[in-house]
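The values are calculated or read from the model by the stated rules, or taken from the named source; none is laboratory data. Keep in mind that this is a model prediction, so the values were computed, not measured. FYI the Cβ positions are ideal-geometry reconstructions off the backbone, even for glycines, and counts take in every protein chain you see.
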């Protein structure tokens with residue numbers, strides 16, 4: 001990390017960029033995921049993370065992810081986490097190849113914190129989303145080999161005073177989503193559920209329950225999505241982002257929420273047609 | 001062909017050291033001192049945007065006196081060093097000692113090989129989980145490092161300020177006591193009445209060991225007024241001047257207040 005005299009290398013003291021990625025690309029590109037070239041051929045089966053849902057509510061957003069990771073038809077993990085704080089006022093959820101996705105999250109968190117430390121201010125929410133789009137676009141080569149990473153990003157916009165969320169595609173397309181959205185293998189079922197359960201101006205507690213309900217519905221129809229595990233007491237990761245910042249919902253609360261969702265489904269059950 | 005005059009190495013180094021010392025003495029002093037729940041930093045700095053005290057990493061902060069462009073450059077290098085190290089290994093593997101060494105090598109190399117030494121003096125401090133684990137390193141323009149215990153003063157009249165700190169400081173001081181001592185020391189003068197510094201003239205920050213991850217927090221003017229026991233109204237004109245900096249510092253101040 002230091003040059004032959006032991007002093008910090010020139011790239012450390014070169015002014016100009018507030019971006020950790022730009023600095024790393026200049027200093028040592030081999031440390032970046034985009035700096036690696038892939039050998040020809042198909043990548044072997046690796047761990048995949050699945051469904052993420054997000055929805056807006058009165059005062060912010062809720063983002064939730066199930067805890068299952070799969071490798072082919074095997075369950076690779078029952079307690080993987082796929083929703084993370086990107087910084088104080090935003091959350092990122094990931095679906096796709098788990099190894100690459102977790103690295104993307106780590107780099108993205110670092111990128112935002114690095115900017116904040118160097119500039120002394122936070123990036124705007126649009127700025128953060130654009131930065132993430134650039135990072136996703138950088139891994140297009142990997143996506144073409146079947147190692148796609150699809151993040152879902154949401155946060156509280158301090159300038160506008162509202163919660164907003166963004167989805168991305170592997171080409172780096174950035175799309176602002178209104179009301180609610182889901183990504184990953186169970187997203188089709190989760191979206192159907194959200195469409196029926198979401199209403200404008202819902203309070204935070206209802207938004208948390210709706211997010212868990214959507215994940216339960218996704219787990220019902222998609223084998224790669226895991227529902228709440230009442231035996232092992234493993235609950236989805238649910239994050240609430242408001243003007244007060246990022247907050248992860250406690251396990252005790254989620255146990256109650258999961259029980260409520262169970263109750264709602266039992267109430268409408270009539271011979272195998274549970275919602 | 002003309003021969004260059006011979007200058008002895010002693011004379012050369014002395015000239016450089018004098019040059020650096022003069023530049024540093026022109027700047028306003030920074031005081032760093034440990035208190036029961038962390039490490040406090042204070043300096044006289046009316047600007048709300050050009051900081052002399054900054055966050056480097058989760059539990060590490062940086063304070064500097066001297067030429068702004070030179071220490072700003074070192075600060076950015078420090079943030080890059082810490083973030084790269086944390087990314088390559090793990091967040092807990094970033095420590096103040098490694099950073100202090102990197103800074104010392106940089107300052108020492110510039111002092112001996114380049115035409116002009118860096119006119120800066122730095123403090124790199126890391127807050128531990130208990131007071132015994134706190135580390136405070138003071139780095140000089142020539143690359144010398146001192147491992148300080150309890151308190152440091154640097155900049156113009158560093159010696160007098162250190163003397164006053166030695167009289168006033170004791171282990172286990174609380175935050176209000178530490179900040180009051182730091183502000184009294186900063187306001188003291190070699191002769192005549194001590195100056196009274198208002199919150200608007202001061203830059204104060206702490207590394208708070210009770211915070212979960214990022215320990216660094218700036219103490220904004222209103223909170224500082226409360227700590228000093230001065231009414232916040234005192235610095236109204238300064239606040240008005242500070243708004244020309246734009247809304248950005250307010251945002252960071254708001255973030256800094258959160259856990």
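Quick notes
Residue-by-condition table, conditions (1) modelled with pLDDT of 85 or more; (2) over 25 Å from residue B:22 (Cα atoms); (3) not in a loop (DSSP other than H, G, I, E, B):
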{"residue": "B:152", "(1), (2), (3)": "yes, no, yes"}
{"residue": "B:192", "(1), (2), (3)": "no, no, no"}
{"residue": "B:203", "(1), (2), (3)": "yes, no, yes"}
{"residue": "B:211", "(1), (2), (3)": "yes, yes, no"}
{"residue": "B:222", "(1), (2), (3)": "yes, yes, yes"}
{"residue": "B:251", "(1), (2), (3)": "no, yes, yes"}
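- The selection criterion, being on the phi < 0 side of the Ramachandran plot, within 11 Å of chain B (Cβ to nearest Cβ), in contact with a helix residue (DSSP H, G or I) (Cβ under 7 Å, 6 or more places away or on another chain) and surrounded by fewer than 19 Cβ atoms within 10 Å (Cβ to Cβ), holds for residue A:110.
- Checking residue A:94 against (1) without any contact (Cβ under 8 Å) to a residue 24 or more places away in the chain; (2) crowded, with 24+ Cβ neighbours inside 10 Å, the condition it does not meet: (1)
- Residue B:39 being part of a helix (DSSP H, G or I) and away from chain A (no Cβ under 14 Å): no
- Filter pass, residue B:156 being in contact with a strand residue (DSSP E or B) (Cβ under 9 Å, 6 or more places away or on another chain) and within 22 Å of residue B:214 (Cα to Cα): no
- For the range A:17-117, the strands (runs of 3 or more DSSP E) that sit wholly inside it and include 1 or more residues that are closer than 22 Å to residue A:133 by Cβ are A:52-57, A:60-65, A:83-87, A:90-97.
- Any hit, the range B:46-57, residues being out of contact with any helix residue (DSSP H, G or I) (no Cβ under 7 Å at 6 or more places or on another chain), within 13 Å of another protein chain (Cβ to nearest Cβ) and over 29 Å from residue B:165 (Cα atoms): no
- Among (1) in contact (Cβ under 8 Å) with a residue 40 or more places away in the chain; (2) within 13 Å of chain B (Cβ to nearest Cβ); (3) at positive phi - the single one residue A:6 does not satisfy: (1)
Yes/no per residue for (1) away from chain A (no Cβ under 14 Å); (2) more than 21 Å from residue B:32 (Cα to Cα); (3) not in a helix (DSSP H, G or I):
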position: B:83; (1), (2), (3): no, yes, no
position: B:111; (1), (2), (3): no, yes, no
position: B:121; (1), (2), (3): yes, no, yes
position: B:125; (1), (2), (3): yes, no, yes
position: B:142; (1), (2), (3): no, no, yes
position: B:147; (1), (2), (3): yes, no, yes
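- Residue check for residue B:102: at the interface with chain A (Cβ under 9 Å from one of its Cβ atoms), touching a helix residue (DSSP H, G or I) at 6+ places or on another chain (Cβ under 8 Å) and either farther than 19 Å from residue A:6 by Cβ or buried (at least 18 other Cβ atoms within 10 Å of the Cβ) (or both): yes
- Residues that are over 19 Å from the mean Cα position of the chain (by Cα) and touching a residue at least 24 places away in the same chain (Cβ under 8 Å) were ranked within the range A:234-253; the one that is farthest from the other protein chains (Cβ to nearest Cβ) is A:253.
- Every pair of residues 6+ apart whose Cβ atoms lie under 6 Å, when the first sits in the range B:68-80 and is at the interface with chain A (Cβ under 7 Å from one of its Cβ atoms) and buried (at least 23 other Cβ atoms within 10 Å of the Cβ) while the second is at pLDDT 90 or above and outside any helix (DSSP H, G or I): B:79/B:56
- Looking only at residues in the range A:18-53 that are under 19 Å from residue A:147 (Cβ atoms) and within 11 Å of chain B (Cβ to nearest Cβ), the one that is surrounded by the fewest Cβ atoms within 10 Å (Cβ to Cβ) is A:31.
- Selection within the range A:143-163 - under 18 Å from residue A:243 (Cα atoms) and surrounded by fewer than 21 Cβ atoms within 10 Å (Cβ to Cβ): A:157, A:158, A:159, A:160, A:161, A:162
- Only one of A:257, A:216, A:261, A:240 that is modelled with pLDDT of 95 or more and surrounded by 18 or more Cβ atoms within 10 Å (Cβ to Cβ): A:240
- Given (1) at pLDDT 90 or above; (2) more than 21 Å from residue B:109 (Cβ to Cβ); (3) touching a helix residue (DSSP H, G or I) at 6+ places or on another chain (Cβ under 8 Å), index of the condition residue B:30 fails: (3)
- Residue satisfying condition, being farther than 29 Å from residue A:88 by Cβ and without any contact (Cβ under 8 Å) to a residue 12 or more places away in the chain, within set A:268, A:230: A:268
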